[in-house]
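Student: Encoded as structure tokens, here's the structure I'll be asking about.
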Amino acid sequence: MHLTNKINEFLSLIQEANKIVILTGAGISTESGLPDFRSDDGFWTKNKPILFKEFLKDAESRRLSWERNLELKEKLKSIKPNTGHFFVRDLINTSTNHHLITQNIDGLHSMAGLDEKKIIEIHGNATKASCLNCFKEFDPSIFHKSVINHLEVPDCSDCGSLVKVSTISFGQPMNEKDHTNAMYLTQAADLFISIGTSLSVQPVAKLPELAKKNGSKLVILNRDATPLDHQADVVINAELQDIFLKISKNLSIVH
């Protein structure tokens with residue numbers, strides 16, 4: 001089917017839907033210039049992941065974690081939301097029933113202007129920090145300054161426990177509340193849209209299947225094929241910027 005026809009079919013599903021859930025992955029941010037963490041030239045290829053258990057027991061691992069977060073912060077200064085982020089923002093803002101689940105930790109959806117209350121950051125957010133015990137939130141710059149000035153990385157000012165970047169590290173349990181809410185919203189959706197994710201990272205990759213089992217329509221927008229394409233009602237394999245450029249000419253909600 002021609003790209004334009006597929007997009008028209010996608011837009012028809014949007015018009016018919018009452019409860020839309022959008023799932024976004026790295027592909028929506030790579031087009032803003034942020035490399036995919038898992039790609040051949042991605043962050044985890046160049047840097048051995050710090051396991052959660054290593055962060056807990058080793059001060060040097062904690063310092064390295066903050067050094068890497070500082071590196072990412074500097075990278076994000078030059079990264080801006082793109083048409084995909086604005087599409088997500090504007091679509092979700094059309095109804096209180098629509099929500100976003102994102103695998104991305106870059107905060108670009110919030111930067112695009114989407115209300116944080118409408119976002120479930122299933123893998124956390126690298127622009128925030130919090131205590132692992134009392135969950136007090138901190139400005140990461142406090143810890144970046146310690147790294148830059150070769151000082152001891154401080155602990156929580158309230159309870160004295162470890163403070164960590166608000167992302168889910170390898171080996172760290174997912175936020176149970178976020179996971180439960182994501183499951184609940186997915187089960188209630190009548191249209192589930194997957195954008196820029198390979199649908200290969202669990203448990204998030206199960207969400208589109210869960211949506212389908214509960215009667216939702218499924219749309220997959222991704223540059224490459226995914227393992228769930230055969231279950232989707234509409235699949236568009238193309239560069240996301242090309243997809244959203246065409247959509248912007250057909251849908252008034254697009255920024």
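Student: Residues being modelled with pLDDT under 95, of a type in the set (Gly, Ala, Ser) and surrounded by fewer than 15 Cβ atoms within 10 Å (Cβ to Cβ): count how many of those fall in the stretch 158-197.
Tutor: So the count comes out to 1.
Student: Further question on the same structure: Against the conditions (1) of a type outside the set (Phe, Trp, Tyr); (2) in the same structural domain as Thr24 (by TED's automatic domain parsing); (3) under 26 Å from Gln202 (Cα atoms), where does Thr96 fall short? Just the number, please.
Tutor: Failed condition: (3).
Residues are listed down the side, and each one gets a yes or a no for (1) part of a helix (DSSP H, G or I); (2) in the same structural domain as Thr30 (by TED's automatic domain parsing); (3) at positive phi:
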| position | (1), (2), (3) |
| --- | --- |
| His150 | no, no, yes |
| Asn181 | yes, yes, no |
| Gln187 | yes, yes, no |
| Ser194 | no, yes, no |
| Pro208 | yes, yes, no |
| Lys212 | yes, yes, no |
| His230 | yes, yes, no |
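Student: Here is a follow-up. If you check every pair at least six apart or on different chains, which have Cβ atoms under 8 Å apart with a residue in the stretch 225-241 that is of a type in the set (Gly, Ala, Ser) first and a residue that is in a loop (DSSP other than H, G, I, E, B) and surrounded by 15 or more Cβ atoms within 10 Å (Cβ to Cβ) second?
Tutor: What qualifies is Ala238/Arg223.
Student: Answer yes or no as to whether Leu151 is closer than 21 Å to Ala26 by Cα and of a type in the set (A, V, I, L, M, F, W, C).
Tutor: Answer is no for this residue.
Student: Just the residues that are of a type in the set (Gly, Ala, Ser) and surrounded by fewer than 17 Cβ atoms within 10 Å (Cβ to Cβ), please, taken from the stretch 209-237.
Tutor: Gly215, Ala225, listed by residue number.
Student: Could I ask something else about it? Please work out which one of (1) loosely packed, with under 15 Cβ neighbours inside 10 Å; (2) within 23 Å of Leu51 (Cα to Cα); (3) in contact (Cβ under 8 Å) with a residue 24 or more places away in the chain; (4) not assigned by TED's automatic domain parsing to the domain that holds Arg89 is the condition Ser200 fails and give its number.
Tutor: Checking Ser200 against (1) loosely packed, with under 15 Cβ neighbours inside 10 Å; (2) within 23 Å of Leu51 (Cα to Cα); (3) in contact (Cβ under 8 Å) with a residue 24 or more places away in the chain; (4) not assigned by TED's automatic domain parsing to the domain that holds Arg89, the one that fails is (4).
Student: Considering only residues of the stretch 95-137 that are in a helix (DSSP H, G or I) and in contact with a helix residue (DSSP H, G or I) (Cβ under 7 Å, 6 or more places away or on another chain), which is surrounded by the most Cβ atoms within 10 Å (Cβ to Cβ)?
Tutor: Across the stretch 95-137, the extreme among qualifying residues is His109.
The values are calculated or read from the model by the stated rules, or taken from the named source; none is laboratory data. Not measured: the values here are computed from a predicted model. When we count neighbours, we look across all protein chains shown, and the Cβ atoms used for this are built from the backbone with ideal geometry, even at glycine.
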